[in-house]
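The values are calculated or read from the model by the stated rules, or taken from the named source; none is laboratory data. Computed from a prediction, not measured in an experiment: that's the story for all the values here. Note that each Cβ is placed from the backbone with ideal geometry, even for glycine, and that neighbours are counted across all protein chains shown.
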Amino acid sequence: MDNKSKKTKFYSVMIMPHDARGKPISLKVRASWVYTAVFLAFFSVILVASSIVYSSLVSRKLVNYADTLTRARQQQEVISSLANKTRKVNREIKELANRENELRKLLGLKPLVTGGKVETKLGSQEAKDKRISLDLQVADEGIAARKQSLAQLKEWVSYVRSKLAATPSTWPLYGRVASLFGYRVSPWRGMHTGIDIDASYGSPARVTADGVVTYIGWRHGYGKTVEVSHGHGIATLYAHNSNYAVSVGQRVKKGQVVCYVGMTGWTTGPHLHYEVRRWGAPLNPVAFLDKNILSASKLWR
């Protein structure tokens, strides 16, 4: 027992009183207990510190997770809004296509064929994203088709406008129609290739369509004559004039004065002889002048 007690180490802890009346207290503690207490204290500090660090990390992750959920919810709202707007755009493009095809039909053009509608069942997020992608694709294709169609319509309208501008559609002057187009026996027997419009001597005669003056001069039977080419094989002729208001090669606009009524050539009085020709062959001017009903009605009173 003595040898064993000698080998065992102890630590003494003394508690001294502040006054002389108190007795000091001495505690004898084995060294192994002290070591164990120190180890347990150190382990507790490490454990508490680790718990604090871990709690901090977990809190940060929770905060980041909450932020991620909020951002995901906001992104989903944006995506849903984009999907609604895309579908609205597609509906408007479809309505525009229908109206455009009606216009193309009126103009005699073939209707524009658009792609079929793609249906996608909405379920998972992947399906929703696919639907949005398809809607955007359809919108892009619709816009491209509209651009192409509008370019065709613009080209066609430009052609129609140029052709209308080159088509005689107004009367050269106001007056009584003295002689119609066709065969006649008076005052000269034969084919009358135009119409005669009575007017006062010197009255201005106006060109009935845009064009270029191709002839000015004297012609047998016609007297002083002006001829204007309007393109597309159409030309107009103004005869029996007293004077000219234009020159050869001059471009003229519909309604511009080109000559003045006279009595040159074979005529019994002042009037304008007016002709419409296509590729050199005379046509009945009334077929063109009837396009302006108000002017025509005034002449036939």
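Among residues of segment 210-221 being surrounded by fewer than 24 Cβ atoms within 10 Å (Cβ to Cβ) and not β-branched (Val, Ile, Thr), the one that is nearest to Arg161 (Cα to Cα) is Asp210. Which of the residues spanning segment 154-196 are under 21 Å from Lys253 (Cα atoms), surrounded by 14 or more Cβ atoms within 10 Å (Cβ to Cβ) and more than 34 Å from the chain's Cα centre (by Cα)? Matches in segment 154-196: Pro168, Thr170, Trp171, Pro172, Leu173. Only one of the numbered conditions (1) within 30 Å of Arg146 (Cα to Cα); (2) surrounded by 11 or more Cβ atoms within 10 Å (Cβ to Cβ) is violated by Gln76, and that is (1).
Just one of the listed residues (Ser50, Ser56) is farther than 30 Å from Gly142 by Cα and more than 59 Å from the chain's Cα centre (by Cα), namely Ser50.
Residue-by-condition table, conditions (1) out of contact with any Lys or Arg (no Cβ under 8 Å at 6 or more places or on another chain); (2) modelled with pLDDT of 90 or more; (3) within 30 Å of Val160 (Cα to Cα):
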residue: Gly223; (1), (2), (3): yes, yes, no
residue: Asn241; (1), (2), (3): no, yes, no
residue: Tyr244; (1), (2), (3): no, yes, no
residue: Gly249; (1), (2), (3): yes, yes, yes
residue: Met263; (1), (2), (3): yes, yes, no
residue: Thr268; (1), (2), (3): yes, no, no
residue: Tyr274; (1), (2), (3): yes, yes, yes
residue: Ala287; (1), (2), (3): yes, no, yes
residue: Trp300; (1), (2), (3): yes, no, yes
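Mind listing just one residue for me: the one in segment 180-221 that is among the aromatic types (Phe, Trp, Tyr) and at pLDDT below 95 and, of those, farthest from Met263 (Cα to Cα)? Once the filter is applied, the top-ranked residue is Tyr183.
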